[in-house]
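First the structure, in the form of structure tokens, and then the observations on it.
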Amino acid sequence: MHLGIVMECEHRDGGSERGAFEELFALAELAEATGIDAVWLAERHFAAPGRLQDPAGGTIASVASAPLVLATAIAVRTSRLRVGIGVSVLPLAHPIRLAEEVATLDHISGGRLDFGIGRSGFQVAYAGYGIPYAESRDRFAECLAVLLQAWTQESVEFSGAYYQFHDVSVVPKPYQAPHPPLRIAATTQDTFPLIGSWGYPTFVGLRGADIEQARGYLAVYRAARAEAGHAGPGDVMLRIPVYVAETEQEAYQQPMASTLRSYQRLAERFSYSATGSEVGEDRAARGGQLAAAGYEELLRGRLAYGTPDAVAAKLRYLRDELGLSGFLIEPNVGAGIPREQVFRSIDLFAREVAPRLRAD
């Protein structure tokens, strides 16, 4: 049972970039000290403080524009902790440069790297890089194909619509053979069967989907795996907001304002990003669902907030119902929970929840 922490590297209101980095590294050190398995770094672009990412409400500011650099810094500060990228947006990257940097990080970490990949459904990053979002699926496939060649073959030979390489020898090769573990993020109805047919491990999250929707997505993923001839149900990790406190009242009240703000902004972003997207209908529906959801509904279908007993029980239920291999917890949804409360929640999770998940 893999237990990791998602790190969005967000600004606190009125905080500084320096403060965001300092809190990031302090959280990684806490994870190392308390026995958490891994930290997973997001990739976020153009999330500047005081600016909206889109006219519908924007997003919380973040310093996570270079997750491989952040992961390298964490790797040299720790000795046991695995470092995950959750996720690298492949269509925005040059595949040869990315292959070199990932392999280098794998060596620096001594083989503690997990490499999550995806496309990202929010189009602001594509606009900033001057890449049409309509090209994202094909660019993703080409970039992944080049990465696999670069890591496993003496030289890359590739001819695609966006990338062409002849006799390119990539050095170094990864520390882990044949390459760091790959995991592909899925968020839309059409992505789950595709990843299932490829046979890759996946993430599923409870931000854009609730528990019942996630159950349906995973049924499709597993059916596609079986149809393509892959053995077993597939390796699935669930990304879920988690907040642990000594009392039910604290667990309910302390994260409430920050959580509601985060989900309202997410609803606005889904609704806005539906325009001009090939998954527009799905995103519009998600935005409408989230906009109408109150805190009690979020607690039932998308959050694991409570005492150690309550959180352990909910995560065990989700593990068994969804057939999960691990959880990636979001400890500060909305970036508005005071730091001391966030760190206390993580400490309680590591000491009182994690051992119960690992024991059975």
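Of all residues in region 230-270, those satisfying the criterion of being in contact with a strand residue (DSSP E or B) (Cβ under 8 Å, 6 or more places away or on another chain), part of a helix (DSSP H, G or I) and either under 30 Å from A219 (Cβ atoms) or hydrophobic (A, V, I, L, M, F, W, C) (or both) are A251, T259.
Given the structure, is G110 farther than 22 Å from V146 by Cα and small (G, A, S)?
Yes, satisfied.
R215 fulfils the conditions (1) without any contact (Cβ under 8 Å) to a residue 12 or more places away in the chain; (2) under 21 Å from the mean Cα position of the chain (by Cα) except for a single criterion, (1).
From the list L105, L113, the one residue that fits, being of a type outside the set (G, A, S) and either in contact (Cβ under 8 Å) with a residue 40 or more places away in the chain or within 21 Å of S159 (Cα to Cα) (or both), is L113. Among the residues of region 311-325, those that are part of a helix (DSSP H, G or I) and under 19 Å from the mean Cα position of the chain (by Cα) comprise L315, L318, R319, L322. Once region 262-302 is narrowed to residues that are surrounded by fewer than 16 Cβ atoms within 10 Å (Cβ to Cβ) and either among the basic types (K, R) or at positive phi (or both), the residue that is modelled with the lowest pLDDT is G276.
Could you list, in sequence order, all residues of region 137-167 that are farther than 15 Å from L90 by Cβ and crowded, with 16+ Cβ neighbours inside 10 Å? If the condition is that a residue be farther than 15 Å from L90 by Cβ and crowded, with 16+ Cβ neighbours inside 10 Å, then V156, F165 are the ones that fit.
Among residues of region 220-231 that are in contact (Cβ under 8 Å) with a residue 12 or more places away in the chain and of a type in the set (S, T, Y), those with a Cβ under 6 angstrom from a residue that is surrounded by 12 or more Cβ atoms within 10 Å (Cβ to Cβ) and not in a loop (DSSP other than H, G, I, E, B), sequence gap 6+ or separate chain, pair up as Y221/F192; Y221/G196. Would you mind stating whether D138 is touching a residue at least 40 places away in the same chain (Cβ under 8 Å) and either among the acidic types (D, E) or under 21 Å from D106 (Cβ atoms) (or both)? Taking the combined requirement at face value, the residue does not satisfy it. How many residues, within region 75-94, are touching an Asp or Glu at 6+ places or on another chain (Cβ under 9 Å) and either surrounded by fewer than 19 Cβ atoms within 10 Å (Cβ to Cβ) or of a type outside the set (A, V, I, L, M) (or both)? Final tally of qualifying residues: 9.
In this structure, does M7 turn out to be in contact (Cβ under 8 Å) with a residue 24 or more places away in the chain and surrounded by fewer than 23 Cβ atoms within 10 Å (Cβ to Cβ)?
Judged against the criteria, M7 is not a match.
When you look at E17, is it out of contact with any helix residue (DSSP H, G or I) (no Cβ under 7 Å at 6 or more places or on another chain), more than 22 Å from P180 (Cβ to Cβ) and not hydroxyl-bearing (S, T, Y), yes or no? The answer is yes for E17. Inclusion of S120 among residues that are surrounded by 23 or more Cβ atoms within 10 Å (Cβ to Cβ) and not in a helix (DSSP H, G or I) is warranted. Is region 135-158 home to any residue that is polar (S, T, N, Q), in contact with a Lys or Arg (Cβ under 7 Å, 6 or more places away or on another chain), over 17 Å from P201 (Cβ atoms) and in a helix (DSSP H, G or I)? Yes: one or more hits. Number of residues in region 107-145 that are within 19 Å of the chain's Cα centre (by Cα) and not hydrophobic (A, V, I, L, M, F, W, C): the value is 11. Evaluating Y221 against the criteria (1) crowded, with 20+ Cβ neighbours inside 10 Å; (2) in contact with a His (Cβ under 8 Å, 6 or more places away or on another chain); (3) over 24 Å from E10 (Cα atoms) leaves one unmet condition, (2).
The values are calculated or read from the model by the stated rules, or taken from the named source; none is laboratory data. If you're wondering where the values come from, they're calculated on a predicted model, not measured in any experiment. A quick note on method: Cβ atoms are made from the backbone with ideal geometry, for glycine too, and the neighbour counts reach across all protein chains shown.
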